[in-house]
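Worksheet for the structure shown next.
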Amino acid sequence: MQDAVVAVSTLDGTRKETVQQVDVAVVGAGFAGLYLLYRLRKAGFTTVTLEEADDVGGTWYWNRYPGARCDIQTIDYGFTFDPELEGAWRWSEKYATQPEILRYLGFVADRYDLRRDIRFRTKVTAAIWDQAKQRWLLTTDNGASVSCRHYIMATGCLSSPKPPEIDGVKNFKGEVYFTGRWPHEEVKLAGKRVAVIGTGSSGIQSIPLIAEQAAELAVFQRTPNFALPAHNGPVPGDRKALLDNDRTGYREQARWSLAGVPYPQQTVVSWQLSDAERRERFEKAWDAGDLVYILTQLWADQAVDVDGNALLAELFRDKIRAAVKDPETAEALTPYDHPFGAKRPCLDTNYYATFNRPNVTLVNLRQEPIEAITTSGIKTGKRTFDVDVIVFATGFDAMTGAIMAVHPITGRGGKSLSEVWANGPQTYLGLTVAGFPNLFMITGPGSPSVLSNMAVSIEQHVDWVVDRLTAMREAGFATIEATEAAQAGWARHMADCSMLTLHRLANTWYTGANVPGKAQGVMPYTGGVGPYRSICNEVVDRGMLGFMLSGPSVAEQCNDGEIVRLQPDVRLVLNMLAEMKLPPIESFGFQGARDFVAQFNASRPAGRPVGEIVDGSLPGPDGALSYRLYRPATPGPHPIVVYFHGGGWVLGDEQSDDPFCRDMCRRTGMIFVSVGYRHAPEYRFPAAAEDGYAATRWIAEHTAELGGQPGPVLVAGWSAGGNIAAVTCQLARDRGGPKIAGQLLVCPVTDCRFDRPSYNDNAAGYFLTRSLMYWFWDLYCSPADRTDPRVSPLRGKLAGLPPAFVVTCEFDPLRDEGNAYAEALTAAGVPVEQLQARGHFHSSFTMVDMVITSVSGRVQMAEALRRFAGLPPQATGGDEARRGQLASHKLAAAAG
Ligand code: NA7
């Protein structure tokens, strides 16, 4: 290997280094680089790894500060590709120290003889794509340049420390250390006055140990963080037993989990638990000392909903207050500005208790910002700290720093990666970038990486990349490049995913907010490890969707498109349903279908509490109809919304859209009366329509009795219920009342024509199928009646109808008839607002607690209903509103 590097060419008599020719060049010899080298070599590629350090280890080589440890349990934090390797290594602790992790990586390098292909102390100084040769040329600061077909950056996410951004650092006469570049030789702090700036993971891990040595320690904190006690010790017996009992199953579960650690998905939501039950769950998590556990296992809404999160954050804050004796210090250490988990929480040993020591002072930079670093110490707005040592634990230019800032990367047509990423990183799958053929990133922005167990993500990324290179070689392809369309689609999917979690509500290195001037946006993939893996697999299964492949003697291949067009949670729901391999609902027969729906509804998470629920009955045209009334907790009287459930005029009842009614009751601050209209085939057309109208009329005449506000009512409905709501408005106009202030039509049936494109595009695969719609129509309405406006309101007279809010979903057979109704209403002079929900399916808005991305749509619906009722916008309530408030805190903090 070394011979190849120093080989010389003497053709022109001068001594010149040759260019090292390899199939694949890798940068970085950490977890990712080592596994890449192993896999590439096994796959028969000639390879070289370039590494700036003088040994393997990557981030674990550089981060040698006191207390540096992993924060994923060691039984989960290692390579799993070789069971023999797993058997050959024993971790000594639940969370290993940096030296032990470094020893492990050295052990791996030795075991597979990896060092012989690694050029240490070699930094890449530039990477240029040569379109003619279809190869990358890498120049280095040490030895031969490298020409390679493929260039893989295994540079890590947290390996480019960010500058301290504080004036005067150079003036300081004492010792300066950076946690991310800690010296190899022992740093003696005993008896010294030390300042630590920064309270992220590095600060929180090192501060207790520094405090034990230093004469005095001043901790400069800008943002308080949540830190969970690690309770380090031996590997926990229960986890080890799980692994030992079924190693393959355990590892496989991790690969398909959300965070790369095999924990189940929680289904119980916070409001289903009492205060005592929540506290019990929290205490268990506190004792477990496991970040992934506390981040995922308390209740299902903890990471997706501001209210669910706040319950957990408050329990956490109690712990901080209890651990720190001085109330003012405790308060300064308590985080309020971000949801728990939105900023990376830390794992600590004695962190909070350290502030009870007499030699430790907390300096709250929110109250006294650092003005400058002087020759003798740190000057804040209020005082001066003379110190001997300053430790910067100020973090990294995360995710993009190590890729973009380390060396210029020039792709096809002279494109510079820094320019392409000037407004934030753009990637396809977090692995590739359009315009940069044959360039791959391991754990790049757009991949789950730092939001997961890195070991699991790294193995997945590396396996996917090496498998693709192997397949390309076999097929005769020499280049691979993501298309612009695929990349834009990934950006949209990333943005959709970021609505699922609360990460966007904090100023963190996940969003680039820690580096002044850096473009902001959630950089890691928030959709989870398992879903990400399935997407990467789907790209392959769909013929390398979104990639252009070319080779010298094969036809170019480009299967362009977006890999995920569904909202991420819709995709999960549909995949789950597909896995259940249910027969078509219509095959159960109408009674069987009703039983199925009832069973399905019973398995749903309970809806959120409202003020009161009252069941009753009202007179219909042909006997009593039952109803369920949802009353807000706020003082009444409230406007009334008459609601019609979905179910194709055949299925469901007044309780079957319970979560939707509860949610809308809370968001609108209005009474929802869900009407149990009669169903087909027992009662065919026009029974449901006439029931809807009669119920609305009765409710409008009995508003006071129902606790409602006098005056016009509103109507709303989903699917066939949307049809009934629309028809009711037409009948009310034509039959002399009641007065209706507005109509909310969610994915309504509006017409009997089946030839609109959405009936074909979305005929199957999106739960509501075309054949199910045919079946509903057949059961409800004979062909001769179908053009009657009481079932096809699109064919009715539309002028003079109440204002409408019409919701349609992209992946719904009913999409186009809903859009047609909105257009026709508008043409008839009816005020119409429309929500065309991208990536959603027919049930998105009623699956309240499963499809989180539908929240913003319901917020819009509620606002529209309030406008129709003449109410001001809802001042509080609703998580989106709260999210908005948090977001403005964030902006204020950023401005501050
Ligand atoms: P982090 O988590 O980015 O923490 C850096 C800390 O330094 C954080 O408290 C910052 O406050 C603070 N900081 C950064 N710049 C300044 C300036 N200029 N003045 C004052 N304070 C500053 O980095 P870590 O190395 O601790 O951890 C990185 C990851 O490594 C960690 O999440 C684990 O995944 C492993 P801020 O919060 O920005 O207000």
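The values are calculated or read from the model by the stated rules, or taken from the named source; none is laboratory data. The shown structure was predicted, so the numbers you read here are calculated from the model rather than taken from an experiment. Don't worry about glycine lacking a Cβ; one is built from the backbone with ideal geometry, like all the others, and counts go over all protein chains shown. Remember, those area values only see protein heavy atoms, side chains included, never the ligands or the DNA or RNA. Shrake-Rupley method; radii C 1.70, N 1.55, O 1.52, S 1.80 Å.
The table that follows gives values for the structure above.
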read-out: Surface per residue (accessible, 1.4 Å probe) for region 643-796, Å²; value: 30 Å²
read-out: Region 352-415-region 253-330 distance, computed between alpha-carbon centres (Å); value: 29 Å
read-out: Burial order of peptide ranges 151-161, 573-583 (average beta-carbon count within 10 Å, highest first); value: 151-161, 573-583
read-out: Length released on extending from Ser603 to Ala624, taking residue separation times 0.36 nm less the Cα-Cα span; value: 4.7 nm
read-out: Subset of Lys319/Lys382; Lys42/Lys133; Lys162/Lys343; Lys94/Lys284; Lys319/Lys343 violating a 21 Å alpha-carbon distance limit; value: Lys319/Lys382; Lys42/Lys133
read-out: Interchain or long-range residues, amide H under 5 Å from Val363's placed H; value: Val219, Phe220, Gln221
read-out: Antiparallel %, DSSP beta bridges [both residues in the chain], to 5; value: 40 percent
read-out: Derived scalar couplings ³J(HN,Hα) [region 759-775; Karplus, 6.51 cos²θ - 1.76 cosθ + 1.60; whole Hz; x for Gly, Pro]; value: 5, 8, 4, 10, 5, 8, x, 10, 6, 7, 9, 5, 5, 5, 5, 4, 4
read-out: Convex hull volume of region 158-223 per residue (C-alpha atoms, cubic angstrom); value: 109 Å³
read-out: Selection from Thr223, Gly818, Thr853 lying farthest towards where the dipole of the chain points positive, charges on Cβ; value: Thr223
read-out: In sequence order, calculated HN-Hα J values of region 288-298 (Karplus, 6.51, -1.76, 1.60; Hz; x Gly/Pro); value: 5, x, 9, 4, 5, 4, 5, 7, 10, 10, 7
read-out: Those lysines that a straight Cα-Cα span of less than 18 Å connects to Lys797, excepting residues fewer than 8 apart in one chain; value: Lys739
read-out: Size of charge dipole - region 506-581 - debye, nearest 20, with Cβ of Lys, Arg +1 and Asp, Glu -1, no other charges; value: 220 debye
read-out: Accessible surface of the chain, 1.4 Å probe, proportion on carbon and sulfur as whole %; value: 52 percent
read-out: Selection from Thr375, Asn438, Thr400, by position along the positive dipole direction of region 327-456 (Cβ); value: Asn438
read-out: Angstrom value of the Kirkwood radius, inverse mean 1/r, which spans all Cα pairs in the chain; value: 30.3 Å
read-out: Lysines with Cα under 19 Å of Lys188, excluding same-chain neighbours fewer than 8 positions away; value: Lys173
read-out: Calculated FRET efficiency for the pair Glu474/Asn559, C-beta based, R₀ 22 Å, to 0.05; value: 0.80
read-out: Packing-based ranking, highest mean first, of 732-744, 435-447 given that Cβ atoms within 10 Å are counted; value: 435-447, 732-744
read-out: In Hz, Karplus ³J(HN,Hα) per residue of region 737-746 (6.51, -1.76, 1.60; θ = phi - 60°; x = Gly, Pro); value: x, x, 6, 10, 7, x, 10, 10, 10, 9
read-out: Virtual paramagnetic centre 7 Å along Cα→Cβ of Glu277, amide N under 16 Å, in region 582-620; value: 603-610
read-out: Only Lys, Arg (+1) and Asp, Glu (-1) charged, at Cβ; region 379-470 dipole about Cα centre in debye; value: 340 debye
read-out: Label-point separation in nm, Arg412 to Arg247, each point 7 Å along Cα→Cβ; value: 4.4 nm
read-out: Estimated FRET transfer efficiency (Thr139, Ala190; beta-carbon r; R0 60 Å; 0.05); value: 0.85
read-out: Separation between Cα centres of region 765-795 and region 35-49, rounded to whole Å; value: 59 Å
read-out: Under 5 Å, built H, 5+ apart or other chain: amide partners of Val268; value: Ala300
read-out: Spin-label model distance (nm) - Gln266 vs Glu823, 7 Å beyond Cα toward Cβ; value: 4.6 nm
read-out: Listed peptides 346-356, 543-553 by packing density, highest first (mean Cβ within 10 Å); value: 346-356, 543-553
read-out: Given charges at Cβ of Lys, Arg, Asp, Glu: region 490-649 dipole, positive-most of Gly521, Ser617, Ala506; value: Ala506
read-out: Computed magnitude of the charge dipole of region 731-788 (debye, nearest 20; Cβ of K, R +1, Cβ of D, E -1); value: 240 debye
read-out: The chain - mean residue ellipticity at 222 nm from DSSP helices (-39,500 (n - 2.57) per run, n ≥ 4, rounded to 500); value: -10500 deg cm²/dmol
